[in-house]
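Visitor: Sharing a structure here in structure tokens format.
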């Protein structure tokens with residue numbers, strides 16, 4: 001078959017969109033748009049990498065910082081949120097063995113998030129609105145530097161993302177608790193106890209006191225517990241970001257209507273605490289909890305075995321949830337107005353517990369995999385190991401910077417951006433998501449054969465080496481004093497930046513190869529067909545054998 | 001006396017060793033996972049609890065070690081009860097550093113050696129950063145400068161040198177180049193800061 005023919009029709013017939021159920025389609029839509037947004041974010045990343053090597057003439061300061069502002073919005077909300085929400089939209093009903101509560105709501109969810117991310121991006125691209133994702137007060141309302149219209153478009157975009165997020169949250173919680181038609185009513189109490197992981201704790205307690213387990217067969221499977229717990233943080237985070245968005249919006253509307261307001265009415269440090277409390281629920285809350293749940297699920301699916309230390313895993317997820325509510329002060333260790341006791345307790349000590357909770361997830365996943373050896377080194381397994389490696393590198397890097405001594409010389413340096421969050425997101429989180437994509441691929445595409453294993457291998461190695469390498473060279477530059485969010489005009493860190501740029505290029509090339517592999521597998525026709533209305537009227541997750549013919 | 005160069009050098013070594021160890025561990029694990037020889041060993045719960053114990057110990061030990069080995073942590077905790085030899089009051093507004101009523105410039109601040117000095121920086125509009133850097137661009141110290149709040153940092157310098165001032169926080173595109181060379185001069189020490197002698201870039 002010619003290259004062109006395969007590109008249009010896919011590998012061995014490609015994706016037959018007419019066989020896809022509405023749930024498969026809504027999942028694939030979110031994942032596809034998320035992967036495309038990842039490419040945009042990677043391209044923006046490369047623009048900044050190139051600028052760090054040698055300032056690009058077409059990127060003036062306001063343009064550069066607007067790219068820096070929208071890069072995480074597109075990367076986190078446009079890409080990660082969509083891929084994660086898409087996958088969970090399928091996995092929660094799949095694991096609960098019942099249909100998704102509302103397919104219509106799931107369609108609105110990805111639509112709102114996709115449009116919201118696009119609007120936020122336009123706010124930066126057209127108007128160069130550039131307060132960065134941190135939105136430190138009063139920078140987002142400094143209209144001597146920014147056009148208020150750009151701010152309006154940006155904030156409305158982020159608000160739309162949050163509204164879509166609330167839709168996802170409602171759908172997930174409703175799917176866990178609702179009783180499907182024709183079934184006996186499911187009692188809420190055991191579901192809630194199990195979804196919160198309290199049954200795991202009670203099982204440990206009962207065992208310690210010599211009693212029978214509280215629950216031999218938990219009402220909710222462990223990965224759903226993780227998704228449920230992570231979604232609580234997603235909810236709180238959405239509320240905080242929406243609240244800040246409304247505050248900024250009030251000032252923007254005031255400025256546009258000629259009634260400029262005094263920004264000193266808002267205490268900048270109090271705002272910073274509130275905002276970081278919410279924003280940190282993404283980084284140190286839902287990401288870590290979702291990731292732990294994804295690892296557990298992937299380990300169980302890859303090995304076909306039960307998870308090692310199930311009850312501990314359930315209890316650890318509850319601990320992670322509580323820890324995630326109390327760690328935000330590690331972002332304020334360089335703020336001298338922040339009370340020392342908060343820095344010590346929240347910033348250092350509670351934050352250090354993330355080493356424990358994430359360490360537990362790593363140990364349980366690795367032991368579960370080991371118990372099933374020998375295993376075939378499939379794409380899902382290798383990406384899972386890559387994801388675990390990413391967090392093994394990034395979490396300690398975060399604990400190191402969450403130290404009052406080290407933070408004094410690491411805060412806002414490339415250490416934060418490189419070894420910590422880019423390694424966490426690109427290697428840890430993204431490789432875990434790729435593992436989930438590879439393992440769900442046959443189920444979601446009704447068995448489309450991957451076009452090229454060699455391309456999948458390149459995707460793996462280029463992504464892994466690129467991600468770790470970029471983080472490492474940014475980290476080395478940080479040790480020599482290189483800040484993030486700062487322009488260096490005298491070539492101060494050029495060698496490190498060239499090496500980080502090469503690694504960044506590897507990352508971008510990995511995405512291009514992955515995209516081509518996906519496109520050649522499903523075909524352009526199949527890919528576009530995902531966005532058309534499903535021809536199967538069913539709430540089932542996958543087609544029946546008859547429908548699949 | 002330990003300074004930031006010593007701390008960062010130690011961190012470079014420790015984190016590089018850690019990174020290489022972890023990559024090797026996962027590589028070894030992956031090879032073992034696909035190796036058909038040998039049966040998987042059953043991991044006992046006691047191994048798991050010992051591992052958790054190690055994690056807790058490491059998490060807490062990092063902070064105890066740095067508290068005892070990095071001198072500025074204790075100074076930071078006690079700064080309210082220490083009388084500084086000098087207080088430098090700096091104001092920030094419109095992306096400018098203002099000292100004694102004028103834009104700050106090279107040679108403006110002379111710092112005595114081995115004395116507690118206090119930097120009090122007040123922002124009149126945005127959130128900025130206050131960072132002191134060596135001639136080779138490595139960082140000596142920094143703090144955030146949050147408007148409407150107290151931003152004070154106490155320090156003790158032990159080496160002679162000339163240092164730059166740079167904002168360590170983004171304050172919009174207009175603040176992208178808040179960098180003033182050779183603002184601080186430390187003198188009177190027995191030792192020179194070899195990375196921060198004027199005219200030397202390394």
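The values are calculated or read from the model by the stated rules, or taken from the named source; none is laboratory data. Keep in mind it's a predicted model, so treat the numbers as computed, not measured. Every residue, glycine among them, receives a Cβ derived from its backbone with ideal geometry; neighbour counts consider all protein chains shown.
Visitor: Could you check how many residues of the stretch A:449-490 are within 8 Å of chain B (Cβ to nearest Cβ) and within 29 Å of residue B:181 (Cα to Cα)? Give the steps one after another, and end with the answer.
Guide: Here is the first cut: in the stretch A:449-490, the residues within 8 Å of chain B (Cβ to nearest Cβ) are A:468, A:472, A:475-476, A:479-483, A:485-487, A:489.
Checking which are within 29 Å of residue B:181 (Cα to Cα) leaves us with A:472, A:475-476, A:479-483, A:485-487, A:489.
Here the count works out to 12.
Visitor: Tell me which residues, restricted to the stretch B:3-60, are touching a helix residue (DSSP H, G or I) at 6+ places or on another chain (Cβ under 6 Å) and in contact (Cβ under 8 Å) with a residue 24 or more places away in the chain.
Guide: B:4, B:8
Visitor: Of the residues A:383, A:421, which single one is under 30 Å from residue A:306 (Cβ atoms) and either facing another protein chain (nearest Cβ under 8 Å) or in contact (Cβ under 8 Å) with a residue 12 or more places away in the chain (or both)?
Guide: On inspection, the qualifying residue turns out to be A:383.
Visitor: Then there is this: Could you figure out which of (1) more than 10 Å from chain B (Cβ to nearest Cβ); (2) more than 22 Å from the chain's Cα centre (by Cα); (3) buried (at least 24 other Cβ atoms within 10 Å of the Cβ) isn't true of residue A:286?
Guide: For residue A:286, the failing item is (2).
Visitor: Conditions first: (1) assigned to a helix (DSSP H, G or I); (2) under 26 Å from residue A:300 (Cβ atoms). Residue A:180 passes all but one, so which condition is the exception?
Guide: (1)
Visitor: Let me ask another. Identify all residues within the stretch A:92-120 that are within 16 Å of the chain's Cα centre (by Cα) and at pLDDT below 95; write none if there are none.
Guide: none
Visitor: Does residue A:313 meet the test of being in contact with a helix residue (DSSP H, G or I) (Cβ under 8 Å, 6 or more places away or on another chain), within 14 Å of another protein chain (Cβ to nearest Cβ) and buried (at least 24 other Cβ atoms within 10 Å of the Cβ)?
Guide: Taking the combined requirement at face value, the residue satisfies it.
Visitor: While we're looking at this one, here's another question. From the residues in the stretch A:104-117 that are in contact (Cβ under 8 Å) with a residue 40 or more places away in the chain and surrounded by fewer than 20 Cβ atoms within 10 Å (Cβ to Cβ), which one is nearest to residue A:242 (Cα to Cα)?
Guide: To start, the set of residues in the stretch A:104-117 that are in contact (Cβ under 8 Å) with a residue 40 or more places away in the chain comprises A:105-117.
Filter once more, so that each one left must be surrounded by fewer than 20 Cβ atoms within 10 Å (Cβ to Cβ): A:105, A:107-108, A:111, A:115.
Values: A:105: 20, A:107: 21, A:108: 18, A:111: 18, A:115: 16 Å.
The extreme case among them is A:115.
Visitor: I'm trying to understand the selection: among the residues of the stretch B:33-46, which are more than 7 Å from chain A (Cβ to nearest Cβ) and under 19 Å from residue A:373 (Cα atoms)?
Guide: If the condition is that a residue be more than 7 Å from chain A (Cβ to nearest Cβ) and under 19 Å from residue A:373 (Cα atoms), then B:37, B:38, B:39, B:41, B:42, B:44 are the ones that fit.
Visitor: Residues that are within 9 Å of chain A (Cβ to nearest Cβ) and over 30 Å from residue A:263 (Cα atoms): list the strands (runs of 3 or more DSSP E) wholly contained in the stretch B:89-202 that include at least 2 such residues.
Guide: Filter on the stretch B:89-202 gives B:139-145.
Visitor: Could you tell me which residue of the stretch B:155-181 is nearest to the chain's Cα centre (by Cα), considering only residues that are surrounded by fewer than 20 Cβ atoms within 10 Å (Cβ to Cβ) and within 25 Å of residue B:80 (Cα to Cα)?
Guide: This residue is B:156.
Visitor: Checking the structure you have, find out if any residue of the stretch B:47-61 is farther than 27 Å from residue A:347 by Cβ, more than 9 Å from chain A (Cβ to nearest Cβ) and in a loop (DSSP other than H, G, I, E, B).
Guide: Scanning the stretch B:47-61 turns up no residue that is farther than 27 Å from residue A:347 by Cβ, more than 9 Å from chain A (Cβ to nearest Cβ) and in a loop (DSSP other than H, G, I, E, B).
Visitor: Please go through the stretch A:330-342 and pick out each residue that is assigned to a helix (DSSP H, G or I), surrounded by 21 or more Cβ atoms within 10 Å (Cβ to Cβ) and within 9 Å of another protein chain (Cβ to nearest Cβ). If you could, list the steps in order and put the result at the bottom.
Guide: Here is the first cut: in the stretch A:330-342, the residues assigned to a helix (DSSP H, G or I) are A:330-332, A:340-342.
Those still in the list that are surrounded by 21 or more Cβ atoms within 10 Å (Cβ to Cβ) too: A:330-332.
Scanning the stretch A:330-342 gives a single hit, A:332.
Visitor: Do the conditions hold for residue A:501, that is, is it under 29 Å from residue A:422 (Cβ atoms) and either modelled with pLDDT under 95 or not in a helix (DSSP H, G or I) (or both)?
Guide: no
Visitor: Filter the stretch A:493-514 for residues that are crowded, with 17+ Cβ neighbours inside 10 Å and under 21 Å from residue B:135 (Cα atoms); which is nearest to the other protein chains (Cβ to nearest Cβ)?
Guide: Step by step, filter the stretch A:493-514, then rank; the result is A:493.
Visitor: Could you please let me know if residue A:123 is within 14 Å of another protein chain (Cβ to nearest Cβ), closer than 27 Å to residue A:43 by Cα and in a helix (DSSP H, G or I)? If you could, list the steps in order and put the result at the bottom.
Guide: On the way: within 14 Å of another protein chain (Cβ to nearest Cβ): no; closer than 27 Å to residue A:43 by Cα: yes; in a helix (DSSP H, G or I): yes.
No.
Visitor: Would you mention how many residues in the stretch B:21-46 are loosely packed, with under 12 Cβ neighbours inside 10 Å and assigned to a helix (DSSP H, G or I)?
Guide: Residues meeting the conditions: 6.
Visitor: Would you call residue B:110 closer than 19 Å to residue A:490 by Cβ, more than 18 Å from the chain's Cα centre (by Cα), surrounded by fewer than 17 Cβ atoms within 10 Å (Cβ to Cβ) and outside the structural domain of residue B:8 (by TED's automatic domain parsing)?
Guide: So residue B:110 does not fit the description; no.
Visitor: I'd like to know if the stretch A:363-370 contains one or more residues that are more than 10 Å from every other protein chain (Cβ to nearest Cβ), modelled with pLDDT of 95 or more and under 19 Å from residue B:43 (Cα atoms).
Guide: Among the residues of the stretch A:363-370, at least one is more than 10 Å from every other protein chain (Cβ to nearest Cβ), modelled with pLDDT of 95 or more and under 19 Å from residue B:43 (Cα atoms), which makes the answer yes.
Visitor: Identify the single condition in (1) loosely packed, with under 13 Cβ neighbours inside 10 Å; (2) at the interface with chain A (Cβ under 9 Å from one of its Cβ atoms); (3) at pLDDT 95 or above that residue B:18 does not satisfy, given that it satisfies every other one.
Guide: Against the list (1) loosely packed, with under 13 Cβ neighbours inside 10 Å; (2) at the interface with chain A (Cβ under 9 Å from one of its Cβ atoms); (3) at pLDDT 95 or above, residue B:18 comes up short only on (1).
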